[in-house]
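Taking it in order: structure first as structure tokens, then the write-up.
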Amino acid sequence: RAPVRIKKGLMLVGPPGCGKTFLVHAAASETKGLLRFLTVKGPELLSKYIGASEAGVRQVFERAAAAAPSVLFFDEIEALAPKRGADSTGVTDRVVNQMLTYLDGVEDRGRVFVVAASGRPDLVDAALMRPGRFDRICYCGFPSAEDKLQICEILAAKSGLTTEGVSSRGVSPSDLRTQLRRLVDQMPRLFTCADIGAVFSSAKIEAVNEALKCRDVAGAGTGLQKAPVVTIPQLQAALKAT
């Protein structure tokens with residue numbers, strides 16, 4: 001009685017390392033298999049052979065239509081569909097034209113939702129942004145202080161974080177949260193989610209090295225006495241080195 005066109009195009013934009021790709025993969029896991037996800041890295045469809053790049057675009061859209069209901073995710077789309085006229089070979093121009101054709105025909109291809117991510121939306125061809133194509137733009141910016149704290153708490157739970165040598169299982173949540181908040185206060189304002197992950201990764205490596213040193217002191221062949229755990233001082237040292 002009141003036909004409404006459902007928007008099926010979404011583009012995530014924002015600085016590198018702020019979780020655009022991670023957000024899409026997290027959404028994929030939340031669907032619990034109800035939606036099939038097809039991921040395409042922008043540059044992987046480009047080919048030096050005439051017509052091969054356009055054929056690659058056709059194939060991924062046809063695969064998505066065959067797997068409907070599905071989500072087709074283009075990561076780093078600025079590499080696949082830059083502004084037309086900038087490429088002397090004309091390859092990317094033809095790729096953009098092919099994408100426009102398929103995006104305009106998504107409605108006729110069943111329940112196919114198209115998502116793209118770009119760290120440089122200014123490089124993407126403007127025709128892709130018009131209503132009916134990628135008509136919904138979502139900005140993924142730098143995390144706030146509270147966002148950083150929540151990220152640290154999740155990573156701390158996975159790392160078996162300790163304060164003063166006591167496992168996080170033996171530390172009250174308020175004490176651990178206070179320690180992590182102090183760590184967050186030391187982070188630069190433009191610290192990304194990827195930067196926080198790098199800090200925890202560096203601290204984990206240091207924790208493993210410390211465990212190996214303890215094993216060497218105890219004697220070769222004795223094995224690790226306990227699983228490596230990350231400490232607040234190790235995180236602080238990793239943050240300073242980042």
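What residues qualify as long-range amide H neighbours of SER47, i.e. H under 5 Å apart, gap of 5 or more or another chain, H built at 1.01 Å from N?
Amide H neighbours of SER47, under 5 Å, 5+ apart: SER53.
Can you run phi through the Karplus equation (6.51, -1.76, 1.60; θ = phi - 60°) for region 117-132 and list ³J(HN,Hα) in whole Hz, with x for Gly and Pro?
10, 8, x, 9, x, 5, 8, 6, 4, 5, 5, 6, 8, 6, x, x
I'd like the Karplus ³J(HN,Hα) series for region 197-211: coefficients 6.51, -1.76, 1.60, θ = phi - 60°, whole numbers in Hz, and an x wherever there's a Gly or Pro.
Along region 197-211, the couplings run x, 5, 4, 5, 5, 5, 5, 5, 4, 5, 5, 5, 4, 5, 5 Hz.
If amide H atoms are built 1.01 Å from N in the plane of the peptide, which residues on other chains or at least 5 residues away come under 5 Å of the amide H of ALA116?
LEU10, MET11, LEU12, PHE74
Which of LYS20/LYS240; LYS41/LYS204; LYS32/LYS158; LYS8/LYS148 have a Cα-Cα distance over 24 Å?
Pairs exceeding the cut-off: LYS20/LYS240; LYS41/LYS204; LYS8/LYS148.
Given axes a ≥ b ≥ c from the Cα gyration tensor, I'd like to know whether region 9-139 is rounded (a/c under 1.5), prolate (a/b larger than b/c) or oblate.
Cα axes put region 9-139 in the oblate bin.
Out of residues 5 or more away from LYS41 or on other chains, whose amide H comes under 5 Å of its own, with H placed 1.01 Å from N in the peptide plane?
Excluding prolines and chain starts, which carry no amide H, the hits are ASP75.
Using the Karplus curve 6.51 cos²θ - 1.76 cosθ + 1.60 with θ = phi - 60°, work out ³J(HN,Hα) for each residue of region 69-79 in order, rounded to whole Hz, and write x for Gly and Pro.
Here the 3J(HN,Hα) series is x, 8, 10, 9, 10, 9, 8, 6, 5, 5, 6 Hz.
Sort 122-131, 65-74, 143-152 by the packing proxy (mean of other Cβ within 10 Å over each peptide's residues), most packed first.
Result, highest mean first: 65-74, 143-152, 122-131.
Coordinate-derived values only; no laboratory data. In this text the structure is predicted, and so the values were computed from the model without any measurement. Quick reminder, even Gly has a Cβ in these numbers, built from the backbone with ideal geometry, and neighbours come from all protein chains shown.
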